[in-house]
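The values are calculated or read from the model by the stated rules, or taken from the named source; none is laboratory data. This is a predicted model, so every value here is computed, not measured. Neighbour counts are summed over all protein chains in view; Cβ atoms, including those assigned to glycine, are modelled from backbone coordinates with ideal geometry.
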């Protein structure tokens, strides 16, 4: 029996033009400024270690997907089960919006930044131009997507009736290693919605920027996780606009699952599902992508963490704060700082920071950062700094009311100051300077500063 299903979950908005704004974080995509869901779920933190992989295929079982620059090179040949042909282009817009939420290229100054920048998209058209379709076509689409090697299958569609046909198709996809992610529906009720309510399917509800449930989002114990329910997206023309509903939250979770699937070693669908569900924020159920990454098994992980020095000058003195950035697909266990081969400190929590006492010596000191991930993989970066803790040498000569200052320092002289009666009257650059001292001067000093910030004070009182 063919059961009709409302493909476009009620509440999913059409595209509305949005102004391009400068992104407050790294991705330079014009729509990124409005992607509050990325920061809410800490996807931007996860990007520091994993941004997807071309080996991961995410199937969009929807109204089709139209080619866009933001999907260039990653949109696979699809299938149209609604019209029974091989043209899976989008004649509605809904599926393209879902695909861009999942995998629009990031930091390319185009469109938005999808959750999984390098994942490939498999378009599977099961809904017609009006967003309607049948359980039969959806089941066929699920099976075909699984046969094409999809790691994740995203379904922003559903109906109120359970169906053995859908259950069998979901079970088939799972035997092929796919994780099926589906929308919980937008009626604001606790009534089960299918295929999301099938126990092995990852059912997704929608939450606001504050983490509370949208009134329109279906809810209940059968809903496994929640995700941002309104996200900027691109339609078939590339226009950026708001895309709201559990139809939008679902591809967001599918993109997050794609990130997890991109890690080393490649996790199973069950491991991805478990990681997303067990690390969700309570009581909202909102996904936390870095926490889910850390929850994945690490046995077999051979990927070293990324580590880098924070801003530190080439010339330092005294007590110096050294900062570091470190990231790993499964989490950083610890970061250590060595100076001159000596362990200075160990930090296990970001932001990583170390206090190093460079005094009293003056020398070039090799610094080394060592970052270990949870599996024990080690990454090392090195740099050298010049520690200067010795003040400049100042020699003064007098000639009448003229004071001649000659200054020497191994790191270079930054400036000289003439201090008359306790007040700085002249500042000059360079190691040699001639100062005229006022006749009524009661006290005269020359202060010399080197490039490291060390200071030497020399007294130079001149007689009348």
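Descriptive notes on the structure:
- Residues within segment 296-315 that are buried (at least 21 other Cβ atoms within 10 Å of the Cβ) and not in a loop (DSSP other than H, G, I, E, B), tallied: 1
Each row is one residue, and each column tells you yes or no for (1) under 22 Å from residue 43 (Cβ atoms); (2) crowded, with 24+ Cβ neighbours inside 10 Å; (3) in contact with a strand residue (DSSP E or B) (Cβ under 7 Å, 6 or more places away or on another chain).
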| residue | (1), (2), (3) |
| --- | --- |
| 97 | yes, yes, yes |
| 114 | yes, yes, no |
| 121 | yes, yes, yes |
| 134 | no, no, yes |
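- Residue 64 vs. criteria part of a loop (DSSP other than H, G, I, E, B) and touching a strand residue (DSSP E or B) at 6+ places or on another chain (Cβ under 8 Å): yes
- Among the residues of segment 199-215, those identified as closer than 14 Å to residue 230 by Cα and buried (at least 20 other Cβ atoms within 10 Å of the Cβ) are 204, 205, 206, 207, 213, 214.
- Any hit, segment 110-125, residues being modelled with pLDDT of 95 or more, touching a helix residue (DSSP H, G or I) at 6+ places or on another chain (Cβ under 6 Å), farther than 18 Å from residue 257 by Cα and not in a loop (DSSP other than H, G, I, E, B): yes
- For segment 275-293, the set of residues classified as surrounded by fewer than 18 Cβ atoms within 10 Å (Cβ to Cβ) and outside any loop (DSSP other than H, G, I, E, B) consists of 277, 278, 281, listed by residue number.
- Scanning segment 203-242 for residues being assigned to a strand (DSSP E or B) and either at pLDDT below 95 or farther than 14 Å from residue 37 by Cβ (or both) gives a total of 5.
- Members of segment 402-427 found to be surrounded by 15 or more Cβ atoms within 10 Å (Cβ to Cβ) and farther than 30 Å from residue 316 by Cβ, listed by number: 403, 404, 420, 425
- Within segment 316-337, being under 20 Å from residue 388 (Cβ atoms), crowded, with 17+ Cβ neighbours inside 10 Å and within 28 Å of the chain's Cα centre (by Cα) holds for 322, 337.
- Only one of 196, 182, 173 that is surrounded by 24 or more Cβ atoms within 10 Å (Cβ to Cβ) and part of a helix (DSSP H, G or I): 173
- From the list 142, 165, the one residue that fits, being assigned by TED's automatic domain parsing to the domain that holds residue 123, buried (at least 24 other Cβ atoms within 10 Å of the Cβ) and modelled with pLDDT of 95 or more, is 142.
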